[in-house]
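These notes concern the structure reproduced below.
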């Protein structure tokens, strides 16, 4: 697995790079795997591939605040990211990990591995729902959500780690999600979300422990990122297609 610690200048480029790494591994038809860490320097709203924007996002409030709304290629509901929210992406090979073709096993393996690394630093970390990490308690509170995109030879698994995020911004930008895990119940965003009480560097160390790498990516797929930005991530026809 190769490591890429890279935040690009724009939200569209950052979303495109996750997908470009998946495309790169697929196109080469090799057992390539990547770990990427990044953190948006500005607030962004990112909706899931099939999300209906008006049902999940307060688009008027986002416009008032100048917060862009983008659509990722993986599933799940809308999130808000920005400073204080570490973004983690892994591209994994089915050739090396054939069990991951089972989506349930993929969820359990990927976020279970990260949970184990975090738990060595904070014992109250636990798994909840399909792909959430929480701080155990009554009730548990979520600090990480994850989603995946499966392709022919690889999958992309990416998500969030809240550690110093402006949590009231989530309530300002997002409506209550139409689908909620049972453990959430009817709790509001303010009651449900929490920043994990670990510094950023400790989170980075935990991620690198969960996903050992054997070197850095020497040249990332810049041309594919530019194509994806032009064709998809900079266009309202993609980002807002399910209004």
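The condition of being at pLDDT below 95, surrounded by 15 or more Cβ atoms within 10 Å (Cβ to Cβ), touching a helix residue (DSSP H, G or I) at 6+ places or on another chain (Cβ under 7 Å) and under 23 Å from residue 94 (Cα atoms) does not hold for residue 153. Take residue 140 and tell me if it is under 26 Å from residue 56 (Cα atoms) and surrounded by fewer than 19 Cβ atoms within 10 Å (Cβ to Cβ). Considered against the rule, which asks whether it is under 26 Å from residue 56 (Cα atoms) and surrounded by fewer than 19 Cβ atoms within 10 Å (Cβ to Cβ), residue 140 comes out as no. Exactly one residue among 219, 237 is over 20 Å from the mean Cα position of the chain (by Cα), more than 22 Å from residue 22 (Cα to Cα) and surrounded by fewer than 14 Cβ atoms within 10 Å (Cβ to Cβ), and that residue is 237. Would you confirm, using the coordinates I've provided, whether residue 19 is at pLDDT 95 or above, surrounded by 22 or more Cβ atoms within 10 Å (Cβ to Cβ) and either on the phi > 0 side of the Ramachandran plot or not in a loop (DSSP other than H, G, I, E, B) (or both)? So residue 19 fits the description; yes. Residues in region 193-203 that are surrounded by 17 or more Cβ atoms within 10 Å (Cβ to Cβ) and under 18 Å from the mean Cα position of the chain (by Cα): 193, 194, 195, 196, 203. The set of residues in region 44-63 being crowded, with 22+ Cβ neighbours inside 10 Å and within 30 Å of residue 208 (Cβ to Cβ) consists of 44, 45, 46, 47. Across region 123-135, what is the number of residues that are more than 20 Å from residue 157 (Cα to Cα) and under 21 Å from the mean Cα position of the chain (by Cα)? Of the residues in that region, 1 qualify. Taking first residues from region 173-201 that are at pLDDT below 95 and partners that are not in a loop (DSSP other than H, G, I, E, B), the Cβ contacts under 8 Å between residues at least 6 apart in sequence or on separate chains come to 176/189; 177/56; 178/55; 178/56; 181/128; 181/132.
The values are calculated or read from the model by the stated rules, or taken from the named source; none is laboratory data. Remember, it's a predicted structure, so these values are computed and weren't measured experimentally. In this analysis, Cβ positions are derived from the backbone assuming ideal geometry, glycine residues included, and neighbour counts consider all displayed protein chains.
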